[in-house]
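Structure record follows, encoded as structure tokens.
The values are calculated or read from the model by the stated rules, or taken from the named source; none is laboratory data. Just so you know, these numbers come straight off a predicted model, no measurement behind them. Cβ coordinates were reconstructed from backbone atoms using ideal geometry, including for glycine residues, and neighbour counts include every protein chain displayed. Calculation scope for accessible area: heavy atoms of the full protein, side chains included, ligands and nucleic acids excluded. Shrake-Rupley method; radii C 1.70, N 1.55, O 1.52, S 1.80 Å.
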Amino acid sequence: MITSTTGPQPADFADVRATNLAVVLRFVREHAPCSRADIAATTGLNKATVSSLVADLIDRRLVRETGLTENRVGRPATMLVLDGSPYAAIGVEINVDHVSAVATDLAGERLLTWRRSFSAGDSVSQGVASVGAIVRRVINRMAREERQVLGLAVAVPGLVDVQGTVRLAPNLGWRDADLGGDLAKALRDPGFPIQVDNDANLAALAEQRFGAHAGAADLVYLTGEIGVGAGIILDGRLRRGGLGYSGEIGHVQLDPDGPPCHCGRRGCLEVMAGIGSVLRGAPAPAEIHPADIQIEIEEVVRLARAGDAGTLATLSAAGRSLGRGVSILANLLDPEVVVLGGHYVPLAPWLLPAVHAELGHRVLAPDAGGCRVVASTLGQDAAALGGAARVLDSVDSGRLPGGLSRIP
Ligand SMILES: [Zn+2]
């Protein structure tokens with residue numbers, strides 16, 4: 001949307017101005033260092049409007065001037081970069097054995113990554129207490145750094161509806177939990193928005209903003225935890241579906257005669273290609289405590305490196321099943337990239353050859369529709385980082401901190 005500082009002002013002038021502030025902020029985020037003239041030339045906003053908008057963003061400490069000047073003919077220009085030093089975005093991820101918290105500044109630089117232990121059997125109220133405890137500590141740290149918290153987004157492994165209610169989180173044993181509302185009470189209405197979303201959705205946002213394929217318009221993230229879920233970004237936007245339940249690829253049936261899944265069906269992708277299938281095939285105890293998964297995965301990696309035939313066969317079988325699941329995504333959505341996350345990351349060197357072979361057989365489009373399958377580079381806390389990304393997305397789309405101090 002484009003406006004001018006002269007001429008008649010529409011009734012929703014404040015909305016137009018907020019939209020234009022967001023346009024300028026996004027431009028600086030993507031093109032910094034850049035000049036006011038660069039912003040005007042690319043956005044189509046006139047120079048006087050850009051100057052006014054930039055002044056407002058500087059007042060809010062979202063943008064700052066640097067001493068740099070462009071090396072070009074003519075009058076040197078003052079260059080602009082993102083500031084955001086007085087702000088923080090918080091993301092939290094609830095996993096079966098731990099809670100992670102990540103805080104970033106406005107530019108997405110990580111300020112902290114913390115974990116605390118958590119038990120999958122904990123009730124929702126115990127879960128709220130755990131998340132509340134770590135978030136309070138993050139808020140206190142940000143306050144000591146004189147940063148204003150812009151928002152909090154919490155990632156949950158399960159079905160989260162578009163209102164943010166956790167409808168079903170099977171691996172946590174939670175059902176119909178108003179996690180956001182309960183957290184707001186536990187934090188005594190902290191004065192910033194609290195959002196709750198599915199872990200795969202938020203991890204996909206983290207990949208879109210921070211990952212090796214950042215900026216990809218069509219990207220799918222697959223969680224590699226006890227469960228397998230997909231976060232789907234199409235045409236640059238996260239696709240939640242009508243009620244928010246998209247991406248449950250873990251329960252797509254690959255084999256009607258396959259092993260039973262905890263959902264009550266048989267041969268789901270989750271039970272054939274999830275981390276459980278890798279560990280069940282490995283010489284590991286039948287029942288693995290969630291806290292021990294990391295250790296067991298390291299043992300699988302060690303055996304695979306040593307060329308253990310049984311381990312290699314198990315990984316190859318899991319890779320083929322995973323490849324069948326990814327082929328469904330590729331045929332249906334034609335993503336540029338499918339990112340494997342969580343525990344899939346250390347196993348990727350042994351999973352990916354089988355995944356790629358299945359894609360070659362099963363995707364109708366030549367060269368699998370250009371779909372690449374890669375391991376995430378964001379580490380274990382991608383969904384928590386994605387929570388922070390979601391908060392930054394809100395700012396980029398116009399929910400700016402601070403008042404409109406310079407409306408003419
Ligand atoms: Zn299932």
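Of all residues being in a helix (DSSP H, G or I), among the charged types (D, E, K, R) and more than 19 Å from residue 357 (Cα to Cα) in the range 274-327, which is modelled with the lowest pLDDT? Just the residue, please.
Applying the filter and picking the extreme gives 280.
Could you say which residue among 253, 195, 208 is within 15 Å of the ligand (Cβ to nearest atom), open to solvent by 10 Å² or more (accessible area, probe 1.4 Å) and at pLDDT 95 or above?
253
Being open to solvent by less than 10 Å² (accessible area, probe 1.4 Å) and either modelled with pLDDT of 95 or more or assigned to a strand (DSSP E or B) (or both) is the filter here, so list the residues in the range 340-370 that pass it.
340, 341, 344, 347, 348, 351, 355, 359
Being in contact with a helix residue (DSSP H, G or I) (Cβ under 8 Å, 6 or more places away or on another chain) and open to solvent by 10 Å² or more (accessible area, probe 1.4 Å) is the filter here; which residues of the range 120-138 pass it?
120, 122, 124, 125, 128, 129
For residue 379, state whether it is in a helix (DSSP H, G or I) and closer than 20 Å to residue 113 by Cα.
Criteria not met by residue 379.
Just the residues that are more than 10 Å from the ligand (Cβ to nearest atom), in contact with a Gly (Cβ under 7 Å, 6 or more places away or on another chain) and of a type outside the set (Gly, Ala, Ser), please, taken from the range 239-250.
249
What pairs come out if I take residues in the range 254-265 that are over 15 Å from residue 171 (Cβ atoms) and pair them with residues that are near the ligand (Cβ under 7 Å from one of its atoms) and outside any loop (DSSP other than H, G, I, E, B) whose C-beta lies under 8 Å away, six or more apart or interchain?
Close Cβ pairs satisfying both conditions: 254/268; 258/268; 258/271; 259/271; 260/271; 265/251.
What's the total number of residues in the range 221-237 that are out of contact with any helix residue (DSSP H, G or I) (no Cβ under 6 Å at 6 or more places or on another chain) and surrounded by 18 or more Cβ atoms within 10 Å (Cβ to Cβ)?
Final tally of qualifying residues: 4.
If I filter the range 164-192 down to residues being closer than 23 Å to residue 271 by Cα and open to solvent by less than 10 Å² (accessible area, probe 1.4 Å), which single residue comes out as modelled with the lowest pLDDT?
Result: 172.
Can you confirm whether residue 337 is within 28 Å of the chain's Cα centre (by Cα), open to solvent by less than 10 Å² (accessible area, probe 1.4 Å) and free of Cβ contacts under 8 Å to residues at least 60 places away in the same chain?
Considered against the rule, which asks whether it is within 28 Å of the chain's Cα centre (by Cα), open to solvent by less than 10 Å² (accessible area, probe 1.4 Å) and free of Cβ contacts under 8 Å to residues at least 60 places away in the same chain, residue 337 comes out as no.
Filter the range 314-334 down to residues that are farther than 19 Å from residue 253 by Cα and of a type outside the set (Ser, Thr, Tyr) and give me whichever is most open to solvent (accessible area, probe 1.4 Å).
Per the stated criteria, the residue is 334.
When you look at residue 16, is it surrounded by 19 or more Cβ atoms within 10 Å (Cβ to Cβ), under 20 Å from residue 399 (Cα atoms) and not acidic (Asp, Glu), yes or no?
no
Would you confirm whether any residue within the range 258-265 is of a type in the set (A, V, I, L, M, F, W, C), near the ligand (Cβ under 10 Å from one of its atoms), part of a helix (DSSP H, G or I) and under 24 Å from residue 347 (Cβ atoms)?
The answer is no, given that none of the residues of the range 258-265 is of a type in the set (A, V, I, L, M, F, W, C), near the ligand (Cβ under 10 Å from one of its atoms), part of a helix (DSSP H, G or I) and under 24 Å from residue 347 (Cβ atoms).
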